[in-house]
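The values are calculated or read from the model by the stated rules, or taken from the named source; none is laboratory data. Nothing here was measured: the structure is a model prediction, and the numbers come from that model. Here the Cβ positions follow ideal geometry from the backbone for every residue, glycine too, while neighbour counts run over all protein chains shown.
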Amino acid sequence: MSGNVIEVIQTKGKEDDEPVVTGRAVYEHPFLVRLCHWVNTVALFVMVGSGLQIFRAFPSFGAKIPQKDLLHWPKTFAIGGWLGGALQWHLTFMWIYIATGVLYLGYQLFSGNYRQVLFAPRDVPGVWPMVKHYFFFGPKPAVREAYNPLQKHAYTTAIILGVLSVLTGFAVWKPIQFSWLAWMMGGFHYARIWHFAVMWAILFFVLGHLVMVILHGWNNFLSMLTGWKKDPEY
Amino acid sequence: MKNSDRKLDQAKFRQVSRRQVLKLTPVLALGAFAVPKWQAGLLKKGLGFSDWASARLFRPGHLATTFDNADLTPPPKFPINGYDVDDPGVDLENWTLTVRGAVQKPGEYKLAQVQSLPRIRQNTRHVCVEGWDVIGRFGGARLSAFLQMVGADPTARFITVNCADDYYESLDMATALHPQTLLCYEMYEQPLTREHGAPLRLQIPTKIGYKQAKYLTELKVMHVLDRVGYWEDQGYSWFYGM
């Protein structure tokens, strides 16, 4: 579906007249990509919110005696109200989050659509010019495809972080039944630290993502709803 | 998407776009969780599904990690979580474990009878639902051996326990029969202290901490659960296998 192009036309005057092309639109985001994006927007919000409430129950990665808290996260920015409630949200939405992730990865792989977003070796040279443009007032590199190399890097990293959030979560949830997974992370105690760290990495990505979405305007945002990018630069 | 529609007028393009957005309406189903009337029920079902998955993932032969003595958390740093009272007033001299339910030999069992079974000592990780963990040295009889001693019905699905401080818990039979599940009367090779549940507690390395009830007074072998557990009744997970 990507690369499917529509020319938006305006018919003027009599039927015999040639229609005037007033714009173009490219179908960038297939239905399943959009569906998974928005479902996991909600699911991730709940997982982070409830996760932080769970963290509040023991906001430390050291000993219990004596307890030295790492961070006081306010209850108002957490979901669940208390540990029991937060666990209900977390242990419910984890299945939605995982199923959606599997659906997304499966679709991307089997449809071939992953090529649009997967960071590949040929994208490496394009990363630094993009960084210079975004952060250091460098010139704008030519737009050749739906995602520029830096975007591919960001989104590919985000997917990897998503997978890590699930793996570290499994190690915290079942350090005995998934003992090999927990072992790779250094055991239950460390898996909990990794799970927390991965969450912050994902939040850092989300922040950057939201900033970019705002900066790149309405037509770009709309493409994640309708699938169609109006008047793309490529 | 039809490849042939290469040229569309504005109105048709808007219609196509609108239809694409409408295809996303299933996302709104998640909104059900925000409806107060439905929220508790949905979350209960979600937790129930998690418990079901946990039970499926439990492997009766798979052991919890055991540790060297060097890895043990020193006794003063082993936290004590209370439930209701600091001292449930157990009369250690006259204490018995009342055994009831689907067993051939119900009745009162003295600590000496539990201690007559082979003593297992194991260094395992104890995880609290709060998120902290410690490694303790626990000693006791295998619950499976005790169940054999009292002639428990092997087809029974649950064990329920009542405690001197009115705490109560229940266990799936598969976990009860797990080789590391103990009727624990020792910690760090000393008899259980009052704070840690003297004279007898459950020690279940394959479960979260709150299922490992202290101050046991009664043990029932059941086909049906009559009482689930104190924390479960507040909304926590029942199976909570590690």
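Numerical summary
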read-out: Residue count, the stretch A:6-42 (criterion: among the aliphatic types (A, V, I, L, M), part of a strand (DSSP E or B) and either surrounded by 14 or more Cβ atoms within 10 Å (Cβ to Cβ) or modelled with pLDDT of 85 or more (or both)); value: 5
read-out: Residues (in a loop (DSSP other than H, G, I, E, B) and over 17 Å from the mean Cα position of the chain (by Cα)) located in the stretch B:133-177; value: B:150, B:151, B:153, B:154, B:155, B:156, B:164, B:165, B:166
read-out: Residue under evaluation residue B:73, criteria (1) in contact with a Gly (Cβ under 8 Å, 6 or more places away or on another chain); (2) modelled with pLDDT under 95, criterion not met; value: (2)
read-out: Residue B:115 being exposed (fewer than 13 other Cβ atoms within 10 Å of the Cβ) and among the polar types (S, T, N, Q); value: no
read-out: Criterion violated by residue B:114 - all others in (1) under 20 Å from residue B:177 (Cβ atoms); (2) in a strand (DSSP E or B); (3) more than 14 Å from chain A (Cβ to nearest Cβ) satisfied; value: (2)
read-out: Some residue of the stretch B:99-115 being within 27 Å of residue A:63 (Cα to Cα) and in contact (Cβ under 8 Å) with a residue 40 or more places away in the chain; value: no
read-out: Residue among B:143, B:225, B:177 that is out of contact with any Pro (no Cβ under 6 Å at 6 or more places or on another chain) and either of a type in the set (Asp, Glu) or within 26 Å of residue A:83 (Cβ to Cβ) (or both); value: B:225
read-out: Subset of the stretch B:222-238 that is out of contact with any Phe, Trp or Tyr (no Cβ under 8 Å at 6 or more places or on another chain) and at pLDDT 95 or above - its residue that is farthest from residue A:90 (Cα to Cα); value: B:233
read-out: Failed condition for residue B:225, given (1) in contact with a Ser or Thr (Cβ under 8 Å, 6 or more places away or on another chain); (2) not in a loop (DSSP other than H, G, I, E, B); value: (2)
read-out: Flag for residue A:49 being of a type outside the set (Val, Ile, Thr), assigned to a helix (DSSP H, G or I) and surrounded by fewer than 19 Cβ atoms within 10 Å (Cβ to Cβ); value: yes
read-out: Test result for residue B:59, at the interface with chain A (Cβ under 9 Å from one of its Cβ atoms), without any contact (Cβ under 8 Å) to a residue 24 or more places away in the chain and under 18 Å from residue B:203 (Cα atoms); value: yes
read-out: Filter result for the condition that a residue is away from chain B (no Cβ under 11 Å), within 30 Å of residue B:19 (Cα to Cα) and touching a Cys at 6+ places or on another chain (Cβ under 7 Å), over A:109, A:103; value: A:103
read-out: Residue match in the stretch B:7-14 (condition: more than 9 Å from chain A (Cβ to nearest Cβ), exposed (fewer than 14 other Cβ atoms within 10 Å of the Cβ), in contact with a strand residue (DSSP E or B) (Cβ under 9 Å, 6 or more places away or on another chain) and polar (S, T, N, Q)); value: no
read-out: Enumeration of residues in the stretch A:174-214 that are within 10 Å of chain B (Cβ to nearest Cβ), part of a helix (DSSP H, G or I) and without any contact (Cβ under 8 Å) to a residue 60 or more places away in the chain; value: A:179, A:182, A:183, A:188
read-out: Hits in the stretch B:179-204 (condition: part of a strand (DSSP E or B), free of Cβ contacts under 8 Å to residues at least 60 places away in the same chain and surrounded by 16 or more Cβ atoms within 10 Å (Cβ to Cβ)); value: B:184, B:201, B:202
read-out: Tally of residues being more than 16 Å from residue A:97 (Cα to Cα) and within 9 Å of chain A (Cβ to nearest Cβ) across the stretch B:24-39; value: 1
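Let's see how each residue does on (1) at the interface with chain B (Cβ under 8 Å from one of its Cβ atoms); (2) in contact (Cβ under 8 Å) with a residue 60 or more places away in the chain; (3) among the charged types (D, E, K, R); (4) touching a Pro at 6+ places or on another chain (Cβ under 8 Å):
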{"residue": "A:60", "(1), (2), (3), (4)": "yes, no, no, no"}
{"residue": "A:68", "(1), (2), (3), (4)": "no, no, yes, no"}
{"residue": "A:73", "(1), (2), (3), (4)": "no, no, no, yes"}
{"residue": "A:86", "(1), (2), (3), (4)": "no, no, no, no"}
{"residue": "A:92", "(1), (2), (3), (4)": "yes, no, no, no"}
{"residue": "A:95", "(1), (2), (3), (4)": "yes, no, no, no"}
{"residue": "A:99", "(1), (2), (3), (4)": "no, no, no, no"}
